[in-house]
Amino acid sequence: MSDLNNLPTTYSPQEAENKWYKIWNEGKYFKPKAGKQKKTYTIIMPPPNVTGQLHMGHALDVTTQDTLIRFKRMKGFETLYLPGMDHAGIATQAVVEKMMAEEEKKSRHDYGREAFVKKIWEWKEKYGGIISEQQRTLGASCDWDYYTFTLDKIPNLAVKKVFVDWYNQGLIYQAERLVNWDPALQSAISDAEVDHIEVQGFFYHILYPIKDSNDFLEIATTRPETMFGDTAVAINPKDERWNKLIGKTAIIPICNRGVPIIGDEYVDLEKGTGCLKVTPGHDFNDFEIGKRHKLPLINILNPEGTLNKEAGEFAGFQCKKARKLVVEKLKELNLFKEEKKHTHQVGHGERSKVIIEPMLSKQWFLNVQQMSKIAVEKVKNNETIFWPKGWENTYFSWLNSPQDWCLSRQLWWGHQIPVFYCKDCKNQWASEEVASTCKKCNSKHIFQDPDVLDTWFSSGLWPFSTLGWPIESAMKEKGFEKFFPTSTLVTGYDIIFFWVARMMMMSIQILDKVPFKDVYVHALVRDKQGRKMSKSLANGIDPIEMVNLYGADAIRFTLAAGSGYNRNLNLDPERISGYRNFINKIWNAFRFIAPHLELAQSELPTISELTHHEKWILAELNQTTKLVNESFEEYRFDDACKTIYSFVYDKFCSWFIELSKNILNSEGHNDKRRRATVLKFSFRQIVALLHPITPYLSEELWSYLKTPAEDLLIAQEFPEYKSELHFQEDQEGMNKFTEVITNIRNLRMSVNIKPKDEVNVQIFLDTKEMEYFSKNSDEIKSQAKIIELKLLKKSESRPAKSIMSATTYCEIFLPLEGIIDLNDQIKRLEKELLKCEQEINKCTAKLNNANFMASAPPEVVFEVQKTAEDNKEKAESIRKNLVGFK
RNA sequence: GGGCGUUUAGCUCAGCUGGGAGAGCGCUACCCUUACAAGGUAGAUGUCGGGGGUUCGAUCCCCUCAACGCCCACCA
């Protein structure tokens, strides 16, 4: 331990961070331990992607989760903070494929499935999971023995069990449907993974000849290249312009195929030309029209997004290129009328960023119609509560119009679908075991479905698969019964659909329980100007860089201070340095106390022994404690931070430490000892209050404050409000004390008296204040640098040649020898007077208003009366003395 | 097109169920005062987006307009 008298003037976080994380972790402080609450508190960490680098969003996750965990742990809950990592099917496969292409000029097909998957595992061992190291840096107090990867054995068993059960129940089914096809991934993706992005495009006006006539139908489309897939042209039956053509045949240009002209209400008379080409194979709406009219369905695309042989001479071209060529060709044929600029929303792959093609394909789906209804119920009846409540709407809006979930992905990295096929008898069945023969005909010619499951399928099971489900021995070992349902899910609003909704549905369906009691939805971290942090803008702030610069506690405090019920957190690195300064301030407050720690006693003196200022600081601390507790319970991290900040800064450092200097430098042993005791007591409580937010600094300081027998701070009890430490009178007294001193300092400042120059002061008081001020006159003298302080009755005469200031209960005079700039003083006082008068006018207006007097509650009326009287007294003081100046 | 949200001091934001507006940072002046210059003391700043309404009283409730942002939804 360093010498308490020789601590450095600045706190250096690095040392403490390395030291304490290790001690906590090795000392098993992160492990769940039964506490006085006899209850558990569980947070399952949203598993970051294995490919991920820690960004500010993760840092915010960790900060809020770890703050809650540390808070609850100290409150005496048996806490489990369960870490993990997600295999992130698409993202990870993409990373490795890219690396392979760059380094070896090979594709996954060159390797084959087995070898490729092995390659990803190798990559994962080598590069994956840096993020969990970074989480440690931030102080995440997870039980790392619970660490789970979504492809681990148990989650895999969970996935298989759920799939097989639901397959057998018919909830999971296979269907040939129009799905969102990602040509880059060459896989289907779910609706949730499609982003609609606004794109500048064109309406191409094309003429479709009408069979057995010289007429044409003018059709507007954004996608001329899909005309090879057209199987009808649709017109609204109400459309007077064209409806007589319904029933005739239109000829698709270029391929010269005849298609029926049909009537369908879906067609919008206003949009385009009012004539719609119907391409059921590549448009979701057209697909519906096709169903209504029993139209054939033509697939014109290859899996990689090029046109297939249906497109004749355009086969092999990408859609974008084909579009140009088709337009040129139409121009040649004189069947092209015009193009008009048109902005529209086009679906893009959330990961791949390429345009998504609706395409007919056979996929696995989960029927969510029933489970989504129940998931809504559970939130409606408060079994799970969102904080802030407003996010429930987002959750509902998704679950109220659910599309069946497309589960299968044509990838290699992930949980392979546990469905088997027999080549001989065409039998299909689902099985948790890897089958070797056909269940039905015993044939050995069987194979497993090659697709893998959507990553979110395993994520949806996360709250219980991490706790050992469905393996009973594992559940017992991991404490499933104790920790499930979990307590709070902390996440950003961007994955309410992807994740929260799915965990709710799956958990309710499988276990008939909601997976968590609370959902705290935190803000998304943006840059100072509110822009999303992105690579292209280069506006990202790297949390680890910030940790290196300012320390983990500073960044945690900054993120916590920015986290309440807001949806954006605009982060300015300057704020981090600001809170670094605050942390340093605490460090230095400790340095002040440090030399006196030995003197302090372990128990607080009896209340009758305490001085006014001691009672005051204890009362303020007590109130702070109450507010901090309440704030954490309501996920108001911002309020908690503010409360602690202002107590430490504005109460403890600015006044209590200042007021303690004389005592600690005096000879009075008892006074010194008593004050040292109060200081130490307060400081122990301050670091305890701070610990959930700034674990490192607080643990470091605790090591000096604790008794040898006491455990680490992480394992201490969180401070609670104590009614016996509520001293209202002392808090009110102290308000006067600080007001008078501030007034005197203000006066000194107005005539440029240097801080170290001492002055004489006379205060004229109401008699009822006399006692308080004479009792505290020594402290007033020292705080305001006064040589001689005279406390006089208001009836006494005021000194000549002086400057003055008034409060509602006293007049403060500072007699001066030299020349005073009277104009300045008059201006200052007149301004002050004006304020009072405005206040008085407002009050009297109200008090003269009969309606106000009749309807306002009595305490409000009383308050107004008091304000009026106080201001009248103050104004009177100023006015009287102003006359003297003039 | 549907829904949600935001608009308060130069910047970032807080203001609980209506009683006359706050914080941090920044800024200005003065200070190396024996915990801290990553500091101290003092100070300035707001038609609480516009308009209307309810009320004795509106930053807060209702209506309306505007700007910005987000989410969902059809590539005619």
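The values are calculated or read from the model by the stated rules, or taken from the named source; none is laboratory data. This structure is a prediction, so every number in the text was calculated from the model and none was measured. Don't worry about glycine lacking a Cβ; one is built from the backbone with ideal geometry, like all the others, and counts go over all protein chains shown. Accessible surface is based on the protein model in full, side chains and every heavy atom, while ligands, DNA and RNA are left aside. Shrake-Rupley method; radii C 1.70, N 1.55, O 1.52, S 1.80 Å.
Can you list which of the trypsin sites (Lys or Arg not before Pro) found in segment A:145-251 are DSSP loop residues with at most 10 other C-beta atoms within 10 Å?
Values: sites: A:LYS153, A:LYS160, A:LYS161, A:ARG177, A:LYS211, A:LYS238, A:ARG241, A:LYS244, A:LYS248; in loops: A:LYS211, A:LYS238, A:ARG241, A:LYS248.
Listed in order of number, the matching sites are A:LYS238.
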Distance from segment A:565-635 to segment A:304-347 (C-alpha centre basis), Å: 69
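Near A:TRP20, within a Cβ-to-Cβ distance under 12 Å, what is the net charge of the other residues, with Lys and Arg +1 and Asp and Glu -1? List each step's numbers first, then the result.
On the way: positive: A:LYS19, A:LYS22, A:ARG136; negative: A:GLU15, A:GLU17, A:GLU26, A:ASP553, A:GLU699, A:GLU700.
The answer is -3.
Ranked highest first by the average count of other Cβ atoms within 10 Å around their residues, in what order do A:620-626, A:868-874, A:775-781 fall? Could the numbers behind the result be given before it?
On the way: A:620-626: 21.0, A:868-874: 18.1, A:775-781: 16.4.
The peptides rank, most packed first, as A:620-626, A:868-874, A:775-781.
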Net charge of neighbours whose Cβ lies under 14 Å from the Cβ of A:ASP195, counting Lys and Arg as +1 and Asp and Glu as -1: -3
Chain A: angle of helix A:695-705 to the longest principal axis, Cα-based, in degrees nearest 10: 30
Segment A:579-662: relative contact order in percent, alpha carbon pairs under 8 Å with at least 6 residues between: 31
Cα convex hull of segment A:546-643 - mean projected area over all directions, nm²: 8.3
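Share of segment A:288-384's accessible area from carbon and sulfur, percent, 1.4 Å? Let's see the in-between values first.
Details: 2670 of 5510 Å².
Carbon and sulfur together cover 48 percent of it.
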Inter-site label distance for A:GLU717 and A:THR767 at 7 Å from Cα along Cβ, in nm: 4.8
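What is the projected area of the convex hull of the Cα atoms of segment A:731-871, averaged over all directions, in nm²? Kindly include the intermediate steps, with their values, before the conclusion.
Numbers: hull surface 39.0 nm².
Answer in nm², one decimal: 9.8.
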Area accessible to solvent at A:LYS126, 1.4 Å probe radius, in Å²: 150
Debye equation applied to the C-alpha atoms of segment A:671-710, log10 I(q)/I(0) at 0.18, 0.28 Å⁻¹: -0.50, -0.92
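So if each residue of separation counts as 0.36 nm, and I subtract the Cα-Cα distance between A:ASN841 and A:GLU103, what length gain in nm does that give? Present the calculation step by step, with values, prior to reporting the outcome.
Values: separation 738, 0.36 × 738 = 265.68 nm, distance 8.04 nm.
Gain in length upon complete extension: 257.6 nm.
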Pairwise label distance in nanometres, A:GLU350 with A:ASN746, each label 7 Å out on the Cα-Cβ vector: 5.7
Cα pair distances of segment A:652-692 binned at 5 Å [whole percent]: 5, 23, 26, 23, 12, 6, 3, 1
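Count neighbours as other Cβ atoms within 10 Å of each site's Cβ, and list the GluC sites (Glu not before Pro) in segment A:302-335 that are DSSP loop with at most 13 such neighbours. List each step's numbers first, then the result.
Working: sites: A:GLU304, A:GLU310, A:GLU313, A:GLU328, A:GLU332; in loops: A:GLU304.
Passing sites in segment A:302-335 are A:GLU304.
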Cys with no candidate disulfide partner in chain A (beta-carbon separation under 4.7 Å rule): A:CYS142, A:CYS255, A:CYS275, A:CYS319, A:CYS406, A:CYS641, A:CYS653, A:CYS810, A:CYS836, A:CYS843
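What's the carbon and sulfur percent of segment A:68-123's accessible surface, probe 1.4 angstrom, rounded to a whole number? Please list the in-between numbers first.
On the way: 1210 of 2250 Å².
Answer for segment A:68-123: carbon and sulfur cover 53 percent of the accessible area.
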Label-point separation in nm, A:THR10 to A:GLU817, each point 7 Å along Cα→Cβ: 4.3
Cβ-Cβ FRET estimate between A:ILE826 and A:GLU667, R0 fixed at 51 Å, reported to 0.05: 0.65
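Can you give the Kirkwood hydrodynamic radius of segment A:452-565 from its Cα pairs, in Å with one decimal?
Details: mean 1/r = 0.0599 Å⁻¹.
Across segment A:452-565, the inverse of the average 1/r is 16.7 Å.
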In Å², nearest 10: area of A:THR343 left accessible to a 1.4 Å probe: 70
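Compute the relative contact order of segment A:541-581 as a whole-number percentage, counting only Cα pairs closer than 8 Å that sit 6 or more residues apart in sequence. All intermediate terms of the calculation are to be shown ahead of the outcome.
Values: 25 pairs, mean separation 20.0, N = 41.
The value is 49 percent.
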Alpha-carbon centroid distance for the pair segment A:91-115 / segment A:245-269, whole angstrom: 46
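Quantify how much of the Cα-Cα distance distribution of segment A:598-720 extends past 27 Å, in percent.
Working: 1322 of 7503 pairs.
Value for segment A:598-720 (Cα pairs over 27 Å): 18 percent.
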Solvent-accessible area per residue, Å², over chain A with all protein chains present [probe radius 1.4 Å]: 46
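When the Kirkwood hydrodynamic radius is evaluated over all pairs of different C-alpha atoms of chain A, what value in angstrom, to one decimal, is obtained?
Numbers: mean 1/r = 0.0299 Å⁻¹.
About 33.4 Å, per the Kirkwood formula over Cα pairs.
Count the net charge of all other residues whose Cβ sits under 14 Å from the Cβ of A:GLY258, scoring Lys and Arg as +1 and Asp and Glu as -1. Could the numbers behind the result be given before it?
On the way: positive: A:LYS211, A:LYS248, A:ARG257, A:LYS277; negative: A:ASP212, A:ASP230.
Spelling it out: positives minus negatives among the neighbours equals +2.
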Inter-centroid distance (Cα atoms) of segment A:418-471 relative to segment A:134-157, Å: 26
For A:LEU157, solvent-accessible area (1.4 Å; no DNA, RNA or ligand), Å²: 50
Rounded to 10°, Cα long-axis angle of helix A:612-633 versus longest principal axis of chain A: 10
Globularity index of segment A:145-290, i.e. its alpha-carbon radius of gyration over 2.2 N^0.38 Å: 1.50
Angle between chain A longest axis and helix A:728-750 axis [Cα atoms, degrees, rounded to 10]: 80
